[in-house]
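Input: a single structure, listed below in structure tokens.
The values are calculated or read from the model by the stated rules, or taken from the named source; none is laboratory data. Just so it is clear, the model here is predicted, and its values are computed rather than measured. Cβ placement follows ideal geometry from the backbone for every residue including glycine, while neighbour counts extend to all protein chains displayed.
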Amino acid sequence: MTLSTEVENRMAEELNLLQQLVDLAVAKKEALFKNDLEALRKIVDDEEQTLAKAESLPPQNNGEISVSAEGQRLRQERAALIDRLKELNLLNQQLLEDALAIVDYSLKLIHGDEEGNMYGSSGQVETVGKSSVLNWRG
């Protein structure tokens, strides 16, 4: 096996792992949309395993990749997969932030806004009582 064949095989393995990560990111997006926490937990576990496999690959020097047509195709495919993965991860991050904002809003609505300070007629800041949806006093 020649050096370029070894490098191309290693790159093909890397591409396979990147494709798995892209597939998992798509599945994560669907789980976030459906609010399926069990599926999300499994997807995160699978992502961790796939990332561990990717980190265990021996380091690769980009200069080792041959300038052959196959080497160029592998480079382009890797760049496209990385871009797609970044795009999906950014979308998933935004979905998670939106979900956390909704949870935060819901908790403030239930427990009352703790920042209920307002200016009174005297011009001084007056603390206004919490405006909770639930009556916690009984």
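What's the number of the only condition in (1) at pLDDT below 75; (2) touching a Leu at 6+ places or on another chain (Cβ under 8 Å) that residue 61 fails to meet?
Result: residue 61 passes all but (2).
Of everything in the range 69-114 that's among the polar types (S, T, N, Q) and in contact (Cβ under 8 Å) with a residue 40 or more places away in the chain, which residue is nearest to residue 54 (Cα to Cα)?
89
Being part of a helix (DSSP H, G or I), among the hydroxyl-bearing types (Ser, Thr, Tyr), free of Cβ contacts under 8 Å to residues at least 60 places away in the same chain and more than 21 Å from residue 83 (Cβ to Cβ) narrows it down to one of 50, 5, so name that one.
Details: 50 fails: more than 21 Å from residue 83 (Cβ to Cβ).
It is 5.
Restricting to the range 18-37, count the residues that are surrounded by 16 or more Cβ atoms within 10 Å (Cβ to Cβ) and more than 13 Å from the chain's Cα centre (by Cα).
Summing the residues that are surrounded by 16 or more Cβ atoms within 10 Å (Cβ to Cβ) and more than 13 Å from the chain's Cα centre (by Cα) in the range 18-37 gives 2.
How many residues does the range 1-41 hold that are closer than 19 Å to residue 99 by Cα and not charged (D, E, K, R)?
Count: 10.
Taking residue 24 as the residue in question, decide whether it is at pLDDT 95 or above and either under 22 Å from residue 89 (Cβ atoms) or in a helix (DSSP H, G or I) (or both).
Considered against the rule, which asks whether it is at pLDDT 95 or above and either under 22 Å from residue 89 (Cβ atoms) or in a helix (DSSP H, G or I) (or both), residue 24 comes out as yes.
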